[in-house]
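J.: Quick one: the structure is below, and I'll ask about it shortly.
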């Protein structure tokens, strides 16, 4: 299997410290990676360059690569990219967590409860709800903010009592995802990376 099979985005790094060049990434028809940039951008050929690849499974990986003669079409240049080595894996699946406020319908033991997601990562989620549950319980919900809504199963690792302005108790549930498939993880990680960059890296 080609590494970075699910990668859609990359950044070609300037060795002199200048701005990185954004590139669309896809897998070639005969394997390997293809990088597409605007036609006016010149890139070194057959000379190692550092490229940061944003892969929803492997994380953000800095690689040393060699680019081949590009195919020019419709104002774009597409280079074949050979990965020589992986220099650094900057983020792993559970490293990045983003805050949000999204309402979901949680199912626990066949009953449905409203809950609010306060933060999420590719490894877990923190939910707030009036639902009463215990450590070790498993709950399911559909996360609506990915490109395609995905069904998730989460195991409760910790429970926090929340004291609010009303007399009704609410609880915070720190959970980890279980039985997470490749497609679910890919969609979730893509969402987390996009939100993390939008919120904290406005450039």
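J.: Spin-label point model (7 Å from Cα, Cβ direction): what's the residue 168 to residue 82 distance in nm?
T.: 6.4 nm
J.: Please check: in the Gaussian network model of the chain (C-alpha springs, under 10 Å), which one of 48, 144, 15 has the largest mean-square fluctuation.
T.: Taking springs between Cα atoms under 10 Å, the residue moving most is 15.
J.: Further question on the same structure: Quick check: residue separation of residue 176 and residue 109 times 0.36 nm, minus the Cα distance between them. What number comes out in nm?
T.: Details: separation 67, 0.36 × 67 = 24.12 nm, distance 1.76 nm.
Stretched fully, the residue 176-residue 109 segment lengthens by 22.4 nm.
J.: Then there's this: Which label belongs to the value computed from this structure, given these candidates for percent of Cα pairs over 28 Å apart: (i) 21; (ii) 40; (iii) 24?
T.: From the options (i) 21; (ii) 40; (iii) 24, the structure gives (ii).
J.: Once fully extended, how much extra length lies between residue 42 and residue 29, figured as 0.36 nm per residue of separation less the alpha-carbon to alpha-carbon distance?
T.: 2.3 nm
J.: While we're here: If you average the C-alpha positions of the range 43-90 and of the range 2-37 separately, how far apart do those two centres end up, in angstrom?
T.: Using only Cα atoms, the two centres lie 4 Å from each other.
J.: Ok, one more. Please check: in the Gaussian network model of the chain (C-alpha springs, under 10 Å), which one of 149, 70, 19 has the largest mean-square fluctuation.
T.: Greatest mean-square fluctuation among the candidates belongs to 19.
J.: Which angle between 0 and 90 degrees, to the nearest 10, do you get for helix 182-200 versus the longest principal axis of the chain when only C-alpha atoms count?
T.: It is inclined by approximately 80 degrees.
J.: Pairs of alpha-carbon atoms within less than 8 angstrom and 6+ residues apart define the contacts here; what relative contact order does the chain have, in percent? Could the numbers behind the result be given before it?
T.: On the way: 460 pairs, mean separation 29.0, N = 203.
14 percent.
J.: Between 146, 47, 116, where does the largest GNM mean-square fluctuation fall for the chain, given springs only between Cα atoms within less than 10 Å?
T.: 47
J.: Quick check: pseudo-label points 7 Å beyond the Cα along Cα→Cβ at residue 89 and residue 62, how many nm apart are they?
T.: 1.6 nm
The numbers here are math on the coordinates, done by the rules we state, and not lab data. Owing to the predicted nature of the structure, the values given are computational and were not obtained by experimental measurement. Don't worry about glycine lacking a Cβ; one is built from the backbone with ideal geometry, like all the others, and counts go over all protein chains shown.
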